[in-house]
Amino acid sequence: MSRRRNRRYGRRSRTGRRILPVLFFLMLVCAFFTVFGKVLPGFVTDILVIRDDGDPGTYVPPETDTETDISFLPDWILTGSLTEMADQRTSFALSAETGSEPAETAVNLETEAVPAPERPKPEPVRVIGLMERVPAEYDYTMPVPENEPVDISYMEDAVLVGDSRMQGLILYCGLSRITSYTYKGLTVDSVFTRPLIEWTEDANTPEEEKVPAELWEDGKIPVLEALKRTEFTKVYIMLGINETGWSDPRDFQTVYGRMVDAIHEFNPQCLIYVLSVFPVTETASANHPYAKNDKIALYNQYLQEMAAEKNVFFVDLAPAVVNENGVLPEDSGFDGIHLNKEYCVQVLDHIFAHTVSLCSEEDIRDREEMDFSER
């Protein structure tokens, strides 16, 4: 009895010893596939090509000298789990509201990023010059009409050009801080060639911008050369009393027009105020060799004609200084030609009250937009 029991227990112990290795092997197999199942999809899909329909395609060797050999993988791995692995590289759009099947979009890993379109650069705002702001109906054939007086700040961007009469205006009216190119005896022809204005050039001035060597003399250059190198938006010109000695009065109009053209050439948007030649006293007119009031009246007529032709602004100064006889009062100055301080102040006040009324830049832009829309 005891021997039969021992044989039964012996068979059970031997059976247990046989099962243990099997169980251990099965545990190893489960652990292997647990780990291998996580690594394999990424590994296999890196070396397989997914077609547009989501099915695995044929193996494409990488563009290198070595190929990845997957022949060691079991057939059930290469067939049974490929759909799952393909899904990791395929994204699906949401179904449309119509209930149609979702569209499949394959991710193209080799497509280069499309650069964002460049934003158009805003066009710079066009600068509107002063001459563009002159009203279209302005009458250049007439002297500048009286307007609301301005103050000295109106001349801060101006240049004063003239002879000894302009020098007196600057001296007596406190205009010394306004840029001025004046000289006693200056005429409309000497502004071109006679070196009268002290000047210095920067060592860094480009060669093409330097004053020609033939126009230099003792550190001075002509008035027009100085104007070319000066920033300004207005210029006041007081010339003519010295030119009354010319034999042909018509030369005055012609040469004055050349001067205006030259200024417009290098500064086309500046306002050019042509100041009239105001009369002299009766005594001066009778005794002076050439400064005669009848000739001065003729020169002013030529100036007004030239202003109308060149679109510049003629300012008649006579109303500011003449008496009831239309000539300069005897007490207006020491020589009957040049003004004292009182009359210089009257002239400046007259100039301040006779400026051109300009349109605003907003009005000009609105007019341009309206013209453009009507085309």
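Please verify whether Ile170 is among the β-branched types (Val, Ile, Thr), in contact with a Gly (Cβ under 9 Å, 6 or more places away or on another chain) and part of a helix (DSSP H, G or I), treating the condition exactly as stated.
yes
Collect the residues in segment 152-188 that are within 25 Å of Asp335 (Cα to Cα), among the charged types (D, E, K, R) and surrounded by fewer than 18 Cβ atoms within 10 Å (Cβ to Cβ), keeping them in residue-number order.
Residue satisfying the conditions is Lys184 alone.
Is there a residue being touching a Ser or Thr at 6+ places or on another chain (Cβ under 6 Å), under 19 Å from Leu160 (Cβ atoms) and assigned by TED's automatic domain parsing to the domain that holds His288 anywhere in segment 225-235?
no
Checking the structure you have, find out if any residue of segment 122-141 is under 30 Å from Tyr290 (Cα atoms) and either assigned by TED's automatic domain parsing to the domain that holds Tyr299 or surrounded by 12 or more Cβ atoms within 10 Å (Cβ to Cβ) (or both).
So the first thing to find is which residues in segment 122-141 are under 30 Å from Tyr290 (Cα atoms), and the list is 140-141.
Narrowing further to those that are either assigned by TED's automatic domain parsing to the domain that holds Tyr299 or surrounded by 12 or more Cβ atoms within 10 Å (Cβ to Cβ) (or both): 140-141.
Scanning segment 122-141, I find at least one residue that is under 30 Å from Tyr290 (Cα atoms) and either assigned by TED's automatic domain parsing to the domain that holds Tyr299 or surrounded by 12 or more Cβ atoms within 10 Å (Cβ to Cβ) (or both), so the answer is yes.
Yes or no: Glu374 farther than 27 Å from Pro149 by Cβ and at pLDDT 95 or above?
no
So Val356 clears everything in (1) part of a loop (DSSP other than H, G, I, E, B); (2) loosely packed, with under 15 Cβ neighbours inside 10 Å; (3) in contact (Cβ under 8 Å) with a residue 12 or more places away in the chain except one condition, right? Which one?
Result: Val356 fails condition (2) only.
Which count do you get for residues in segment 317-347 that are in a loop (DSSP other than H, G, I, E, B) and surrounded by fewer than 18 Cβ atoms within 10 Å (Cβ to Cβ)?
9
Go through (1) touching a helix residue (DSSP H, G or I) at 6+ places or on another chain (Cβ under 9 Å); (2) in a helix (DSSP H, G or I); (3) not β-branched (Val, Ile, Thr) and name the single condition Ala226 misses.
Among (1) touching a helix residue (DSSP H, G or I) at 6+ places or on another chain (Cβ under 9 Å); (2) in a helix (DSSP H, G or I); (3) not β-branched (Val, Ile, Thr), Ala226 violates only (1).
Given the residues Glu208, Glu231, which is the only one that is assigned to a loop (DSSP other than H, G, I, E, B) and among the acidic types (Asp, Glu)?
The unique qualifying residue is Glu231.
The values are calculated or read from the model by the stated rules, or taken from the named source; none is laboratory data. Note that the structure is a prediction, hence the values are computed from the model and not measured. With ideal geometry, Cβ positions are generated from the backbone for all residues, glycine too; neighbour counts draw on all protein chains shown.
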